[in-house]
Amino acid sequence: LQCAKLLSQCGAKILLVDRKTDLSKGVHTTGIFVRKTLEDFDFPSGTLGQPIRNVTLYSPKLKSVHLESEKDEFRVGKMGLIYDEMLNDSVANGVNFARATSYKGAEMSDDFSIVKLEKRGESYQVKTKVLIGADGANSRVARDLQLDENKEFIVGYEQVFHTETSNREPRLHCFLDAKLAPGYLAWIADDGEEI
């Protein structure tokens, strides 16, 4: 979506394809955005939770260290709203959106690619100079373009709880525990709206 939005602002002719009919449905992750991202990207109004300046780090034995920043370090994204707003911006800039359309493969030549698509059981093809895939860790686009494939994964689980607005200070809780989250960390973000 970001790529389509930026390229459309430069006048590129773009076909954006997604097998979903509604990008805001079935969102599988919550974006927790760091300060650098917040500084580098414009997020539409109302698509981010409250700023988080407080972090608590927990050891495996749950000893804690509290940290506080003078700046907004994190914000939780309302991903469905972000996707909808970015799609609306892209379409307003001339992007053609093919919803409920599946990528089925591509054939490459030196000058262009033929992309095979399917919508409601009907197959069709489009010719393109550039093919960009944002289709996940097991990317069919990357495989068809003979790009490197990711062989190592971070396995994660996420649950979002909506809360009543509280008087709690927004806080990010980080658990450093090799058994709980090997090679990574477990975290809980509480911005007063969602946990």
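The values are calculated or read from the model by the stated rules, or taken from the named source; none is laboratory data. None of the values given here were measured: they were computed from a predicted structure. Neighbour counts run over all protein chains shown; Cβ positions are idealised from the backbone, glycine included. Protein only, heavy atoms only, side chains kept; ligands, DNA and RNA dropped before computing areas. Shrake-Rupley method; radii C 1.70, N 1.55, O 1.52, S 1.80 Å.
Candidates Phe153, Phe112, Phe97, Phe43: the one that is hydrophobic (A, V, I, L, M, F, W, C), surrounded by fewer than 16 Cβ atoms within 10 Å (Cβ to Cβ) and within 25 Å of Gly11 (Cα to Cα) is Phe112.
Working only within the stretch 55-88, note down all residues that are crowded, with 18+ Cβ neighbours inside 10 Å and out of contact with any Phe, Trp or Tyr (no Cβ under 9 Å at 6 or more places or on another chain). The answer is Glu73, Lys78, Tyr83, Met86.
Report whether or not Glu118 is open to solvent by 40 Å² or more (accessible area, probe 1.4 Å), assigned to a loop (DSSP other than H, G, I, E, B) and at pLDDT 95 or above.
On the way: open to solvent by 40 Å² or more (accessible area, probe 1.4 Å): yes; assigned to a loop (DSSP other than H, G, I, E, B): no; at pLDDT 95 or above: yes.
For Glu118, the condition - open to solvent by 40 Å² or more (accessible area, probe 1.4 Å), assigned to a loop (DSSP other than H, G, I, E, B) and at pLDDT 95 or above - is not met.
Among the residues of the stretch 2-31, those identified as of a type in the set (Val, Ile, Thr) and modelled with pLDDT under 90 are Val27, Thr29, Thr30.
Keeping to the stretch 161-191, report how many residues are touching a strand residue (DSSP E or B) at 6+ places or on another chain (Cβ under 8 Å) and open to solvent by less than 50 Å² (accessible area, probe 1.4 Å).
Within the stretch 161-191, the first condition is being touching a strand residue (DSSP E or B) at 6+ places or on another chain (Cβ under 8 Å), and the residues that meet it are 161-163, 168-177, 180-181, 185-191.
From what is left, the residues that are open to solvent by less than 50 Å² (accessible area, probe 1.4 Å) are 163, 170, 172-175, 177, 181, 186, 189-191.
Final tally of qualifying residues: 12.
Taking the conditions (1) surrounded by 15 or more Cβ atoms within 10 Å (Cβ to Cβ); (2) at pLDDT 90 or above; (3) part of a loop (DSSP other than H, G, I, E, B) in turn, Ile132 satisfies each one other than (1).
Within the stretch 135-150, take every residue that is open to solvent by less than 70 Å² (accessible area, probe 1.4 Å) and charged (D, E, K, R) and give me the one that is modelled with the lowest pLDDT. Write out each step before concluding.
Filtering the stretch 135-150 down to residues open to solvent by less than 70 Å² (accessible area, probe 1.4 Å) leaves 135-137, 139, 141-142, 144-145.
Next, from what is left, pick out any that are charged (D, E, K, R): 135, 144.
Working: Asp135: 84, Asp144: 88.
Among those that are open to solvent by less than 70 Å² (accessible area, probe 1.4 Å) and charged (D, E, K, R), it is Asp135.
If you go through the stretch 135-189 and keep only what is within 19 Å of the chain's Cα centre (by Cα) and among the β-branched types (Val, Ile, Thr), you end up with Val141, Ile154, Val155, Val160, Ile188.
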